[in-house]
Amino acid sequence: MQDSTIKNLLIKLAPFVFFIFVWKLAAVLVSSEIILPTPEKTLASLCALLQTRGFWSNITVTITRGLAGFLLSLAVGLVVGLVIGLNKTANILLQPLIILCRSTPLMSIILITLIWLKTEHVPIFVSFLISFPIICGNVTEGIKNVDSKLVEMAFTYKVKKIRVLNEVYLPSLVPYLLAGISNAMGIGWKVVIAAEVLSHPRFGIGTRLQYEKINLETASVFAWTIVALIISFAFENFIRVVEKKVLSWR
């Protein structure tokens with residue numbers, strides 16, 4: 001049993017070790033810390049960042065922006081998705097807006113938002129605009145896949161609409177909504193940090209990335225990127241755990 005656990009751990013660590021080896025080899029061949037720092041140089045920069053005064057402030061602000069944009073997109077996406085899925089007129093009127101949000105390039109959204117809003121609010125609004133169509137689309141798809149016979153039977157027996165919504169539509173939406181939440185959360189952090197890089201608010205991981213890039217501190221850019229990856233990985237795994245538990249209860 002213990003041998004099997006160790007073997008599984010080694011299998012999981014193997015890709016990571018291989019990646020570090022390739023990174024180290026490439027850094028030695030390039031032989032330029034500005035272009036590609038070594039893993040140990042990046043680790044040293046990460047340790048130095050942990051001791052800086054504003055490290056946790058930057059992380060906290062970025063996480064707050066990411067969660068604010070995500071929660072806003074979740075609330076609006078759920079409501080609009082339900083309306084579009086249940087009402088054909090609303091579907092005709094609002095679908096072009098959803099397609100527009102989904103199709104507009106990220107950089108265009110960030111630049112336009114920079115004209116409209118203060119720099120501190122740009123990442124939140126951009127995160128909302130990117131995540132909203134994902135959640136809305138999944139909710140709409142869930143509505144379309146509800147068993148039509150159950151709906152017809154409910155209306156035949158004159159069951160109240162609010163009860164049909166709560167007991168027929170919403171339970172069927174759960175897998176689609178969770179999938180939308182997982183996708184939106186996964187892309188949300190990338191969007192928030194990209195918006196911070198361009199909008200350059202006072203605090204934020206994206207702001208620090210831009211600052212280190214300007215100063216040619218490539219090792220610090222890599223270090224902040226690792227921090228961003230850890231945050232994204234942590235939240236995505238948290239969502240997966242919640243998704244599994246919710247689906248197991250159904």
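The values are calculated or read from the model by the stated rules, or taken from the named source; none is laboratory data. No experiment lies behind these values; they were computed from the predicted model shown. Ideal geometry is used to build each Cβ from the backbone, glycine not excepted, and the neighbour counts take in all protein chains shown.
Descriptive notes on the structure:
- Residue match in the stretch 70-82 (condition: buried (at least 17 other Cβ atoms within 10 Å of the Cβ), out of contact with any Pro (no Cβ under 6 Å at 6 or more places or on another chain) and β-branched (V, I, T)): yes
- Restricting attention to the stretch 186-227, the residues being in contact (Cβ under 8 Å) with a residue 60 or more places away in the chain and in a helix (DSSP H, G or I) number 22.
- Residue within the stretch 50-57 that is under 30 Å from F21 (Cβ atoms) and not in a helix (DSSP H, G or I) present: yes
- Among the criteria (1) in the same structural domain as L229 (by TED's automatic domain parsing); (2) more than 17 Å from the chain's Cα centre (by Cα); (3) under 26 Å from V227 (Cβ atoms); (4) not small (G, A, S), the one N87 does not fulfil is (3).
- Test: residue in the stretch 85-99 that is within 27 Å of H200 (Cα to Cα) and not in a helix (DSSP H, G or I): no
- Condition met for T52 (within 21 Å of G206 (Cβ to Cβ), at pLDDT 90 or above and β-branched (V, I, T)): no
- Against the test of being surrounded by fewer than 16 Cβ atoms within 10 Å (Cβ to Cβ), modelled with pLDDT of 85 or more, closer than 16 Å to T62 by Cβ and more than 15 Å from the chain's Cα centre (by Cα), the options R208, R202 yield a single qualifying residue, R202.
- Only one entry in L106, L82, L74, L97 is over 30 Å from W224 (Cβ atoms) and in contact (Cβ under 8 Å) with a residue 40 or more places away in the chain, namely L82.
- Cβ separations smaller than 7 Å between residues 6+ apart or across chains give no pair from the stretch 1-18 residues that are under 21 Å from P39 (Cβ atoms) to residues that are assigned to a helix (DSSP H, G or I) and at pLDDT 75 or above.
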